[in-house]
Each structure stands twice: as structure tokens, then as C-alpha cells.
Amino acid sequence: MKTDQIRMSFLDFFASKGHKIFPSDFLAPSGDKTVLFTSAGMNQFKPYFLGTKKDVLRAASSQKCLRTDDLTKVGKTSSHHTFFEMLGNFSFGDYFKEEAISWGWEFISDVVGLDESRIWVSVYMDDDEAYRIWTDKVKVHKKRIVKLGADKNFWPGNAIEDGPNGPCGPCSEIFYDLGKDVGCGNSGCNPNCDCGRFVEIWNLVFTQFNRKEKNGKGVLEPLPNKNIDTGMGLERMASVIQNVKTNFEIDIFKPIVSEILSLIGKSDGSKTIHINAIADHIRAVSFAITDGIFPSNEERGYVIRKIIRKAAWHGYKLGMEELFLYKIVPSIAAVMKQAYPELEKKRENISQIIKSEEERFQNTLDVGLVRLHDLMNDEKKRNQNILPGDKVFQLYDTYGFPYELSAEIAYDEGFEIDSEGFQKAMDDQRQRSKGGSNLLDSVFLMKDKELLGDLPETKFLGYDLSEAESTVLAVFDVALTEKLSNFNAPGDAVIVVDKSPFYAESGGQAADKGEISNRGFRASVSDVQIREGRILHFVKVHEGRLEVNNKVNLKINIEERLDTARNHTATHLLQAALRKILGEHIEQSGSYVGPDRLRFDFTHFNALSSEEIICLEKLVNEYIMRNREVKTRIVSFDMAKKEGALAFFTEKYQDEVKVVEVADCSKELCGGTHVNSTGEIGFFKIISEVSSASGVRRIEAVTGRVAFEYVKDQEDLLKDVSSVLGVSRDRILSQIEEMRERLKEQSQFMQGQKYIQISDYIEKLKAKSVKIKGINFITDRFNEKVDFLADLIDRVKIDMIQNTVVVLYSIGDKNLKLFIGITDDLVNNGLDARVLVKGVASLIDGAGGGRADFAQAGGRNVSNMDRVVEKIKKEIKAELK
């Protein structure tokens, strides 16, 4: 069976057992901010496991997963991956162990056709129920069943003793025996042995307990609804079925590996690790970029950049100096296109992004390697084998050199890295930048099932109404940790009602603001979020008392809502204009729509020219002036796709979707709020166009009232410039050109004076030359801040030609500048200006760096310059020995 057939057979099998087949969630999990990436099949089903969604009892999926915990093992083992597919079937309070075990056996024996005599299973040592099902119902021989402890066959591992509290349960794993010729060779070898003979192909988790802490010990209480959560690694199952030794030999990996081999040339066995790692990493990155996760220096993007650079480093180890990773993408798209046709559609864009990252990494590698080796040489001189964490962080922060790469190179050279120091430097930087993004938002930490309970979903009225009367269903504290029966002013709280005109932040659109009130009660709404259909109103209570079941009036800020609607519809028009002017390759990769502005991120490799920006503005404003009706309708998701409606690829859509259409212009899936006709937008103005990430551009724009104010501010600025220059507006540019010419003439005059000044100094310096071990050593002090010492050193080196070291320093305003220049012949003989500068930097309470032939340092301690000069002389003598 080919891998595509295995995947389809699994989904068809469980569909026949009454399971709803769910498409894979995105690698950036939809609506779950507690994790960076989707790492397991159950991630998208959390609401069902928690009981906050109840429309499905049985589900199955083939889930794209990305994990980096074992990144260093990828390529070194037969089955570790960063990206893989997880086949899984799930039950939410419906069937339990008997069905899960029986169907698992039926699939692997009848559908897939594995040799039953090679199938072994493990069960938790106290799970007699699962053991009986395997022996009595499925008829697996007892000798092929092993009972294991909570570290191996309980989820989470050792949860009974170590926690955490919450849902947990025993599991049963299915193994395939590769035979006696594989592994340790011991006659008693079984799945508890890690020798590699037994391959785990399926894990069945029986979530049947709720762990609680009592008297310092873990206690298991039965759950009212027992769940099933299973996971089968598709690639691993394919390697078993296709009878190959490693996952990298299965049908969906062989063409990728072959392409890499053709790019690097013939390979011997020593290169296999690097080749397999490259195949895995570029496959992972291709899927991530397809799902809208672009390389960057933040969170998910940083992980993707790290994986690309890891692959590039493997290429470097193979002797690949030219760019090549991007050439692997077409082979990945070809083998995966049956299940994931979007890869084929986006392969050129994926390739360009990876190529851009390769180029960036080559620059990083050249600079970073020099800096890293300088650091290792410095520590070697101090007889240290641990690299300071803050110094390694500087490599990462300043030069973009990955920590993991520094660690690997350092290890090869016999060094370790102070990882705690690195982490501290990283944390300090995050603190300075106000902590970055906090993935564990309070909304996602709330105990959904306990707090939301059986609250009905909130009916959203905001498409038609800006004000409504509603009933309070629940009140929570602002941290969403406690349900309250009432709340008294003043303070912050969260309110859930049965129906609301407030739009909750979603789809890139900012939440509405407004007021909730009744007689004697008033609260302003500062934020609105949605959780499993319940609209959460974050409020500041100004006066009165609120109780559950109170009637309240909800009123949004209609002016801000209209400004937001203008910006949202304008975003649709902008995407249409971008696709018309720049090409059909344009795809949305992110957006923000609020009352103050709109931001639109899109896939494109080049900065937009001034002409392109003007064309975009002109076309969008033409769409606006046509005053076309903005139509909305509800259709099935499949129908919307057939009609060609654009969708934001990483958005998770329901079976029924809202289509927003402007005739002869735009058709998109969108749940946001919009104007009734394009003319209501008024005016559209782009205020910036910049890079957002590799292969992603960002446009910010304003509309309506804000656009008017923006243009007015520009007019006022022109007026002020005109007044300062003392000319009319039509003469501003010519006046600036005249001023530039005068400045240019003055600069040329100053350069001439500087040249004359330097020429006067050269002969004086040459006269001060002394011999040290046969070389010319020149030093002088300047008792004022001068800006030509670097030029002066270059001129002296040219005049002296060879065999010369020049040390100049200036003192001004209690600051010291030190410059060291060395002629090329001495550099070739091992003398290094950087080493000399670093050797004396501490004497002046400063720091420095540069090149081997020229380096400089700055400091505040001006009292040690005699010692500085003497130490430099001493270092030169020592080096010349």
C-alpha cells in the first residue's frame, strides 16, 4: 500500500464506523493559543473533550503535526521527524475500550493486512479490562501482551504520582515485530526493550479518570464521560507496510531523498544523516509556509527559520556552498499533492521564501562563524571551555546566528555554552520589549467546562442591530477563574448574555466597544472575545450592581463600528486590486481591521514601487466611487469554494460560511462587519508599505474620516515646510535642491581641508616611529575629539607600505577612542588588530572590535593610556616570537 492509500483506507474505515471525518487542522492551531504548533491529532478536538462542543460524538482525521522536541535526533534515527501525519480516531463520551481495541485490530489485520503473528500489544499493568479485551475478544496470545507501568502505559506519563491534575487514563500500544535479526537479539526481547526490534505503530488512550490531589497524593476519580484518543504515525505505519528499514525509504520520502542526492552528487553512508535531516526539515518548512507560518524572529516564525537554518547547516556539512534547499520543494509538492494539493499551488512561493532564507543564512553564517570562533579563541586563551551565554546571545541577537548552531559548532570544538546565561539574556531582552506576545492568554487558561458549563451559545445580532436588550447568563471575574452570582461597582468583570450586538475579536477584526446598562447599572465594554460560541464581554463597571438573569441593554459605539466596517470592506477591495495589479499569486497572510486603520499582509517578494502604490490607491478608490452594493449571503463551504470565493487559508471555517461580494470586483469568505455599499468608505489612502516577513509584504491604510485627517495633516506639514523655507509650495522642491547643492559644496570644501590636515600629520607621525623587534611602531595622542584618525591610519599604512603598526587615540569629553592599524604583511604573519584591541579594552573600561588589519575601541578610563600602549608593545613582541 502506498502512503496515500493507507491514509484514505484509515479514514474510510472509521467513516464506516460512524465517525465524522475532519480535515486536518492547520499547523498553527485555530483558536488555541496555548500551543505554538499542532502537535497531535487531538488538538483540534479539545472543545469536544472538554464538553463545550457536543455536536459530534465520533471523529477521525489525518492531522498534520509539527514537533521540535527531538530536532537533534532527526536523520540520526529511523523514525524521528519534525513534520509528520497522525492518523487518529476519537470518541467523546460515546464508545470506549472494547470498540477502540476491536476496530484497531480489525484495521491492522483485515484492512492493512499485517501479519497477525508479528503484532504485539502493551497495556497498563492495572488495566485488567483492556487485557481481557485483547485476550478474550480479539484473541491475541498472552505471550504477545506485556503489562507495563505508568511511565510507559499511562497518559500523561506517571500522572498518578507526578500529576498534572485533570483528565488522564491508561493506554494500550500496538507494536510490530521486525524480527529476531533486528535489535538486541535477546530471546526475551519484547516491546519494553528499546533496541528497535519492536516498532510502536498505534497508541490507544483511554481517558477515564480525573486526577485530583488529596493529602499530598494523586487520587483517580472516574470521569462521567469516558473518551477515546488514538494516534498512529502515518510515516511509521507506511515503513512497516512497505517493509523498509526507515521512514526515509517510504514512497513519499524516496523522491525527496533522490532529489537531494542529485543536487549534492553521489553519497556514501556517512552523508545519510544529513540527507535525511534535510528531507525532513524542508518538508516541514514547506507545509508550515503553506499554512501561513513564515520565517521570522518571533515565536512560530523563529522555529521555522531555525529549521531552515538547521537544514542549511546540514547542507554546509555536505559541502554545499551554493543555494539548493529551495530546489527540493517541487519534489515535495509532487509526492504530497494527492492529499495536499495546496502545496503544488503554492510551491513557487514556498521556494522563493526558502531561497530568501538561504541567502540570509549564508550572510549570517559567514559573519557568525567569524564571531563565534573569535569567542572560542578568547575563551581558549583564558583556559575556559564554557562560552558565556550573554556573548552567544549577542551572536543570535545581533547577527541572527541560531543558538542551536552555536551549540553544535561549539560542541565539535570541545566547548559548552552557558545555556542559563543565554536564556537570561533572552528573557531580559523580552522584558525590555514588554514581554513580547503572551501565548497563554487568560481566555485560554480558563477552565472551559467548569466555567462555561452548559451556557447556551450567544446569538450574535450585530449584522443588523447596534443595540439590543438581553438577559445576563453569567458573570465572571476578569481573570476568568471564578463564576459570580453578582458584581458590584466599581471593578472589572466579564459578562455573558443570551444575545448581543457586540462583535467579538476574530478574523483580524477588532472587537466592538460600547456600553452595557440598565436602571442603576452602567459598565463600559473594553474588549469582546468569543469562546466556543459564547460571547465574553470584558467590562469596567462604573456604577450599580449586576446579577445573573438581570435584563440589560447592550449598545455598541456605532461611529467606531462604521469606521471599522469601512476599513474591513476596503481590505477586500485592496486584495482585489493587489491581485489585479501584481498578479494572482497574491494571497492574504494576515490582517488587522480596526476603527483607526487597516493592515493587510500578503505574499509578494519585492517592495512595491511608488508607481505600483499609486496604481493600487487609484484602483481601490475607483472601486469605492462605483458605489457597488456589498452583498452578503450564507452558503455551504463547498459551494463557496466552487464559486471561487477567496478564503484566508489559515482560517478554520464552519460547514456554512458567509460570503461577502462586491460585483465585478471581490468575493471572499468573511464573518466580519461591512458597509452596505462601497461608496460609504469615502476615501482610501495607503500610509505605508513594508516587509512583514520573508516573502510577505504589509500595507497599512486608512479610510473615511481618518483618511481625511491624514491628508489634512500632510497638507498642514507642507504648509509648515513652505513657511520655514520662506517659499511658496510650488517652489519647495527647487529650494531643497538648492540647499543640497550648497551643502555638497561645503562638504567638498571640508573634505579638502581634512585632506590637508591629514597630510600635515603624516610626516609628524612617521618621525615618531620606533622599532620593536624590527617593525615600525607609531603612536600618538590627540587631546581633543577628532574624526579623521581612521583615515590618518590608512594614509600612514599606505605611506609606510609594510612592517608597520599604528596606534592612535583621542581624548575628548571624558571619552576615549583607540585605533590600531596593521600593515597587511604583518597580518599575514599572524598579527591581529582585533586581538590587540580586546587585550587592552578592559584597561579603558570599554569594548571594541574590527578587522585583523584595523580595529578600534571606546572607553571612559583615560588614565591608563600609558599602560595600554605598553601592553600593546608587549603583545606585539610576544606574537613576533
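The values are calculated or read from the model by the stated rules, or taken from the named source; none is laboratory data. Everything numeric in this text was worked out from a predicted model, so none of it was measured. Cβ sites come from the backbone with ideal geometry, for glycine too, and all protein chains shown count toward neighbours. Keep in mind that these areas ignore ligands, DNA and RNA; they rest on the heavy atoms of the full protein, side chains included. Shrake-Rupley method; radii C 1.70, N 1.55, O 1.52, S 1.80 Å.
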(request) Identify all lysines with a Cα-Cα distance to Lys306 below 17 Å; exclude those on the same chain that are fewer than 8 residues away in sequence. (result) Lys73, Lys317, Lys355
(message) Which one, Ala663, Val475, Ile624, projects farthest toward the positive side of the charge dipole computed for the chain from Cβ point charges (K/R +1, D/E -1)?
(response) Val475
(request) In debye, nearest 20, what is the charge dipole magnitude of the stretch 572-649 about its Cα centre with +1 on Lys and Arg Cβ and -1 on Asp and Glu Cβ, if you could check? (result) 300 debye
(request) May I ask what percent, to the nearest 5, of DSSP beta bridges between residues of the chain are antiparallel? (result) 85 percent
(request) Quick one: angle between helix 389-399 and the longest Cα principal axis of the chain, in degrees between 0 and 90, rounded to 10, please. (result) 80 degrees
(message) Are there any GluC sites (Glu not before Pro) in the stretch 625-697 that are in a DSSP loop and have at most 12 other Cβ atoms within 10 Å? List them by number.
(response) Glu643
(request) Could you tell me the accessible area of Arg566 in Å² (1.4 Å probe, neighbours in place), rounded to the nearest ten? (result) 50 Å²
(request) Find the accessible area per residue for the chain; the probe is 1.4 Å, ligands and nucleic acids are left out, and the unit is Å². (result) 48 Å²
(message) Quick check: from the Cα gyration tensor, does the chain come out rounded (a/c under 1.5), prolate or oblate?
(response) oblate
(request) Just check the stretch 1-60 against the gyration tensor rule for me: Cα atoms, a ≥ b ≥ c as the square roots of the eigenvalues, rounded for a/c under 1.5, and otherwise prolate or oblate depending on whether a/b exceeds b/c. (result) oblate
(request) Could you count how many Lys pairs in the stretch 483-605 have their Cα atoms under 30 Å apart, skipping same-chain pairs fewer than 8 positions apart? (result) 14
(message) Tell me which of Gly75, Tyr131, Ile101 sits at the most positive position along the dipole axis of the stretch 72-148, charges placed on C-beta atoms (Lys, Arg +1; Asp, Glu -1).
(response) Gly75
(request) In debye, nearest 20, what is the charge dipole magnitude of the chain about its Cα centre with +1 on Lys and Arg Cβ and -1 on Asp and Glu Cβ, if you could check? (result) 1200 debye
(request) Starting from the Cα gyration tensor of the stretch 229-328, take the square roots of the eigenvalues, sort them a ≥ b ≥ c, and report rounded, prolate or oblate (rounded when a/c is under 1.5, otherwise prolate if a/b is larger than b/c, else oblate). (result) oblate
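As a quick test, which of the pairs Lys310/Lys346; Lys217/Lys424; Lys254/Lys337; Lys797/Lys877 have an alpha carbon distance above 26 angstrom in this structure? Please list the in-between numbers first.
On the way: Lys310/Lys346 23 Å; Lys217/Lys424 34 Å; Lys254/Lys337 15 Å; Lys797/Lys877 20 Å.
Where the Cα-Cα span goes over 26 Å, the pairs concerned are Lys217/Lys424.
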(message) Checking the table Lys46/Lys641; Lys20/Lys64; Lys391/Lys817 against a 20 Å threshold on Cα-Cα, which pairs fail?
(response) Lys46/Lys641; Lys391/Lys817
(message) Given the -39500 (n - 2.57) contribution per DSSP H run of 4+ residues, what per-residue ellipticity at 222 nm results for the chain, rounded to the nearest 500 deg cm²/dmol?
(response) -12000 deg cm²/dmol
(message) Considering the Cα positions of the stretch 622-738, please state its Rg to one decimal place and its Dmax as a whole number of Å.
(response) 20.9, 65
(message) At 0.36 nm per residue, and after removing the present C-alpha to C-alpha distance, how many nm does the segment from Asp428 to Leu743 gain when stretched out fully?
(response) 109.1 nm
(request) Rank these residues by their accessible area, most exposed first, probe 1.4 Å: Glu298, Glu560. (result) Glu298, Glu560
(request) Per residue of the stretch 113-118, in order, report the coupling 6.51 cos²θ - 1.76 cosθ + 1.60 (Karplus, θ = phi - 60°) as ³J(HN,Hα) in whole Hz, putting x for Gly and Pro. (result) x, 6, 5, 4, 6, 9
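Using only the heavy atoms of the protein chains and a 1.4 Å probe, how would Glu106, Glu715 rank by accessible area, largest first?
Solvent-accessible surface, decreasing: Glu715, Glu106.
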(message) Which one, Ile535, Ala407, Pro167, is farthest towards the positive end of the dipole of the chain when Lys and Arg carry +1 and Asp and Glu -1 on their Cβ?
(response) Ala407
(message) Report the gain in length on full extension from Val244 to Ser102: 0.36 nm times residue separation, minus Cα-Cα distance, nm rounded to one decimal.
(response) 48.4 nm
(message) Only four residue types carry charge here, +1 at the Cβ of Lys and Arg and -1 at the Cβ of Asp and Glu. Report the dipole size of the stretch 37-152 about the Cα centre in Debye, rounded to the nearest 20.
(response) 280 debye
